[in-house]
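Read the structure below first, then the notes.
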Amino acid sequence: MVMAAEYDAIALERWLPDLDGVKVITTLRGVGINTPVIMTSMTAEVSERVEGLRAGCDDYISRPFSEDEMSARVEALLRRKPLSCRAQPVLQLGYLTYDLVRQEVKCWDTVIKLRPTERRVLEFLLRHAGQVLTRAEILEAVWGAPYEPGTNLVDVHIGRLRAAIEVPGESCPIRTVRGIGYILRDMSPRCVNTDAA
């Protein structure tokens, strides 16, 4: 949900039924989502709060808490939130443009239809353009799951993404790095990688 829409703030439980909230916040920060996060937990151990804060959450509150206290903490976070973080960016590389507000991907001026997961893969690649990304890194960032040898989930989605964004007469910017993973490269000299609000 956080990757599919824009929020002003997030309240995240530390101990989810099947997942550690610290893992969630680490994944969010890893893909460049800087929405303020208040982590909640039943316990108040100092070491637990420190771990959550160091993982990237902005505040930590122990349950039970009053609605007034939570409201006040959210208001404080929003006051501190930089203006540059209040709007989702437009990511661009070469002939590719991804408007995260409209959830719209374009090759040159043509809108490309992508599935939600394919858009998340593309967003992760764009945010790390020029870097060699392993399958494990992509799997963890997009699906929040550990890498399992033998899975082809990443390769299948990369294949679909390539087919969707490939422009006749242009080299596909998604390159395979044999034995490692993938890299998104700018194949067009007229455009540069930007990250503007």
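The values are calculated or read from the model by the stated rules, or taken from the named source; none is laboratory data. Note that this is a predicted model, so its numbers are computed, not measured. Reconstructed Cβ throughout: ideal geometry from the backbone, glycine too, with neighbour counts over all protein chains shown. For the accessible areas, the whole protein counts, side chains as well, though only heavy atoms, and no ligand, DNA or RNA atoms are used. Shrake-Rupley method; radii C 1.70, N 1.55, O 1.52, S 1.80 Å.
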* **Centroid-to-centroid separation of the range 118-178 and the range 1-67 [C-alpha atoms, Å]** => 27
* Asked: What angle do you read, to the nearest 10 degrees and between 0 and 90, between the alpha-carbon axis of helix 67-80 and the longest principal axis of the chain?
  -> 50
* For the range 22-70, how big is Rg over Rh, using alpha carbon atoms and the Kirkwood form of Rh? -> 0.99
* Asked: Which length gain, in nm to one decimal place, applies between Arg178 and Arg29 when the Cα-Cα distance is subtracted from 0.36 nm times their residue separation?
  -> 50.9 nm
* Potential lengthening between Asn152 and Arg115 on full extension [0.36 nm per residue; Cα-Cα distance subtracted] -> 11.6 nm
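Ranking request for peptides 55-61, 120-126: highest mean number of other beta-carbon atoms within 10 Å first, then the rest in descending order.
The peptides rank, most packed first, as 120-126, 55-61.
Could you list the square roots of 5 times each eigenvalue of the Cα gyration tensor of the chain, that is, the equivalent ellipsoid semi-axes, sorted largest first and rounded to whole Å? Please list the in-between numbers first.
Details: eigenvalues 238, 80, 32 Å².
The answer is 35, 20, 13 Å, longest axis first.
Considering every pair of different Cα atoms, what Kirkwood radius, in Å, is found for the range 55-154? Kindly include the intermediate steps, with their values, before the conclusion.
Values: mean 1/r = 0.0597 Å⁻¹.
Its Kirkwood hydrodynamic radius stands at 16.7 Å.
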* the range 1-79 - accessible surface per residue (Å², probe 1.4 Å) -> 57
* To do: For the chain, give the share of DSSP beta bridges that are antiparallel, in percent and rounded to the nearest 5; count only bridges with both residues there.
  => 75
* Using alpha carbons only, how many degrees (0 to 90, rounded to 10) separate the axis of helix 116-127 from the longest principal axis of the chain? -> 90
* Using the per-residue mean of other Cβ atoms lying within 10 Å as a proxy for protection, in what order, highest first, do the peptides 67-74, 10-17, 155-162 fall? -> 155-162, 10-17, 67-74
* Asked: To the nearest 0.05, what FRET efficiency results for Glu67 and Arg185 with a Förster distance of 41 Å applied to their C-beta separation?
  -> 0.25
